[in-house]
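One structure is given below, encoded as structure tokens.
The values are calculated or read from the model by the stated rules, or taken from the named source; none is laboratory data. Source: prediction; values computed, not measured. Every residue, glycine among them, receives a Cβ derived from its backbone with ideal geometry; neighbour counts consider all protein chains shown. Note: areas computed on protein heavy atoms with side chains; ligands, DNA, RNA excluded. Shrake-Rupley method; radii C 1.70, N 1.55, O 1.52, S 1.80 Å.
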Amino acid sequence: MKKFAVLLTFVLVLQLVLPLTTIVQAESESNELYYVALGDSLAAGMNEKGEIGFGYADLLAKNYQEQKSEVMFNKGFSYPGFTTVDVLKEIEENVTKPIYDLNGVSQKTIAIKDAIGQADLITLSVGANDILNVNRSDSGEFSFDTAEVIKSIQAVSVNYKKIFDSIYKINPDVDIIVMGLYNPFPYIEDPAIQKQLSLLVTTLNNSMKNIVENNGGIFTEVAAQIATDAKTYLPNPQNIHLSEAGYQVVADAMLKNYLDALIREEDNTEGEIVKAPFTDIQNHWSKDYIDVAYAKGIMNGYEDGTFQPNANMTRAQAISVISRAFGLTAKNKAPFKDISHYAPQTQNAIAAAYEAGLIKDNNGDFNPQGKITRSQLALILMRLSTVQTGQQYIPAKQAPFHDIANYNDEAQLAITFLYDTGLVQGTSATTFSPQGNVTRAQAAKILVLAINEK
């Protein structure tokens with residue numbers, strides 16, 4: 001992966017605990033990124049009103065730019081209605097088009113092969129328009145020819161392989177992220193039709209994913225996330241395009257998938273990582289994170305050989321691993337009377353967190369066996385950021401969660417901190433579930449992202 005891969009690690013990991021200005025200072029080379037978005041109306045940023053606005057590509061470019069780094073962004077080769085055939089044809093013919101960046105359409109032009117050749121990152125979203133035999137009538141009835149759809153899906157797979165080959169021939173080092181498809185008709189109430197749509201989207205996504213990952217790209221699945229709040233992400237029943245909130249979901253998912261790939265790549269470059277010996281993580285989504293957390297000495301398992309990834313983290317466990325991950329030490333004992341029966345290293349970890357200001361005195365009690373909640377974790381991470389940077393986090397606006405209104409100002413600020421960094425999303429577009437517990441698997445992922453920077 002090219003230099004953007006290195007800097008993105010800083011962008012995503014350092015957002016946990018450091019200010020954005022520090023991210024820029026962490027990169028010794030130029031912070032310039034050349035980013036090209038290819039594809040259809042989704043890459044172009046068409047919104048639910050049928051207008052070209054800020055799509056996932058713009059949001060990715062804006063995220064980088066907000067780190068006070070230079071980004072050369074161009075979505076001028078994205079166009080509504082484009083198919084895989086169109087993308088491939090433009091590359092083969094080396095078309096020249098105006099540059100379309102965060103400021104709009106420029107007077108400057110560039111040939112697509114030159115743009116690809118200079119790119120550090122390319123994103124691609126195309127394929128839905130290839131399925132020409134899927135029809136929806138004016139009355140809302142949905143129909144398609146199964147044989148023709150299967151034939152079209154096969155053609156999309158072939159074209160994706162050709163697109164990847166064409167891009168890598170021009171620029172073998174570029175990073176490519178591909179956006180998966182979502183159900184564009186969530187408002188159709190007929191369950192039989194929804195079942196057909198689900199099958200169609202899943203089949204095409206699986207086909208694309210195989211091609212993308214077999215060719216070294218990163219595939220981002222978004223169908224399930226968009227479906228969790230279709231009214232917010234697809235607010236216009238008469239339009240299949242996402243709102244800006246929907247595009248933000250896509251952009252966040254792409255960034256996180258990219259970071260996952262970076263962690264795996266870093267592990268490979270450092271040699272064979274020690275695999276965690278736990279018997280209950282082999283098929284768990286968090287296995288890679290738990291392997292890294294175990295190898296780096298951040299988290300351990302239980303005497304029976306399990307890790308218990310779905311178990312809720314206690315306050316003592318959470319503070320212990322955070323103190324260990326960030327090398328916090330204590331000069332004095334913590335003033336908590338309910339931790340005296342814990343091991344000396346656990347008591348020291350709690351004392352270190354107390355001295356650092358991550359936790360507060362609560363009438364002499366710490367409640368070590370209490371389950372750590374999402375709001376408590378937010379407070380600890382924000383306080384850690386303040387301690388390490390000497391700067392108080394100041395948000396542009398509060399996170400859009402209705403269920404945090406009764407919390408104090410610091411808690412609301414901390415939740416907004418996690419929301420703004422993109423590390424932890426809400427449980428819906430308008431709820432954070434501040435009293436929800438944090439599992440050991442979730443903690444492993446968060447801490448691996450943080451310790452990766454150290």
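Listed here are the helices (runs of 4 or more DSSP H) enclosed by the stretch 1-65 that have at least 2 residues being at pLDDT 50 or above and surrounded by 19 or more Cβ atoms within 10 Å (Cβ to Cβ): 41-44, 56-65. Beta carbons closer than 6 Å, at least 6 apart along the sequence or on distinct chains, pair a first residue in the stretch 111-133 that is of a type in the set (Lys, Arg) with a second that is open to solvent by 10 Å² or more (accessible area, probe 1.4 Å) and outside any loop (DSSP other than H, G, I, E, B) for Lys113/Ile170. I'd like the full set of residues that are under 26 Å from Ala223 (Cβ atoms), open to solvent by less than 40 Å² (accessible area, probe 1.4 Å) and at pLDDT 85 or above, limited to the stretch 107-144. Selection gives Leu121, Ile122, Thr123, Leu124, Ser125, Val126, Gly127.
Note on the stretch 332-350: residues that are out of contact with any helix residue (DSSP H, G or I) (no Cβ under 9 Å at 6 or more places or on another chain) and either crowded, with 20+ Cβ neighbours inside 10 Å or among the small types (Gly, Ala, Ser) (or both) amount to 2. Of the residues screened, Glu48 is not one that is of a type outside the set (Phe, Trp, Tyr) and without any contact (Cβ under 8 Å) to a residue 12 or more places away in the chain.
Taking first residues from the stretch 315-331 that are closer than 15 Å to Val387 by Cα and open to solvent by 10 Å² or more (accessible area, probe 1.4 Å) and partners that are assigned to a helix (DSSP H, G or I) and among the acidic types (Asp, Glu), the Cβ contacts under 7 Å between residues at least 6 apart in sequence or on separate chains come to Ala330/Glu355.
Among residues of the stretch 406-454 being basic (Lys, Arg) and over 19 Å from the mean Cα position of the chain (by Cα), the one that is modelled with the highest pLDDT is Arg440.
Of the residues Arg374, Arg383, Arg440, the single one that is over 16 Å from Thr314 (Cβ atoms), among the charged types (D, E, K, R) and buried (at least 19 other Cβ atoms within 10 Å of the Cβ) is Arg383. Taking the condition under 20 Å from Leu59 (Cα atoms), of a type in the set (S, T, N, Q), touching a Leu at 6+ places or on another chain (Cβ under 9 Å) and open to solvent by 20 Å² or more (accessible area, probe 1.4 Å), does Gln225 pass? For Gln225, the condition - under 20 Å from Leu59 (Cα atoms), of a type in the set (S, T, N, Q), touching a Leu at 6+ places or on another chain (Cβ under 9 Å) and open to solvent by 20 Å² or more (accessible area, probe 1.4 Å) - is not met.
Results for (1) in a loop (DSSP other than H, G, I, E, B); (2) surrounded by fewer than 16 Cβ atoms within 10 Å (Cβ to Cβ); (3) under 16 Å from the mean Cα position of the chain (by Cα), shown as yes or no for each residue.
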site: Asn183; (1), (2), (3): yes, no, no
site: Glu189; (1), (2), (3): yes, yes, no
site: Lys209; (1), (2), (3): no, no, no
site: Asn236; (1), (2), (3): yes, yes, no
site: Asn239; (1), (2), (3): yes, yes, no
site: Gln248; (1), (2), (3): no, no, yes
